[in-house]
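Reviewing the structure listed below.
Every number in this text was worked out from the coordinates using simple rules, so none of it is lab data. Worth saying up front: this structure is predicted, and the values here are computed from it rather than measured. Glycine also receives a Cβ, built like all others from the backbone with ideal geometry; neighbour counts cover every protein chain displayed.
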């Protein structure tokens, strides 16, 4: 059972880091607790899954809005 949970944490962390990289997240992009690079998101989700995963899901729209280049 513990192995399954560890795999879920690891896969979630990889998915968050890949998504953050894909949308162009980087340190200094936004202010506040969500101001992390993809590697920061990876370790945050891996170590503090119950806090960091919902935080990423709520900060994701702000990160996407900050990375959009105006036309």
Given the conditions (1) closer than 14 Å to residue 60 by Cα; (2) without any contact (Cβ under 8 Å) to a residue 12 or more places away in the chain, report the number of the one that residue 7 does not fulfil. (1)
Could you tell me whether residue 25 is farther than 19 Å from residue 67 by Cα, within 10 Å of the chain's Cα centre (by Cα) and touching a residue at least 12 places away in the same chain (Cβ under 8 Å)? no
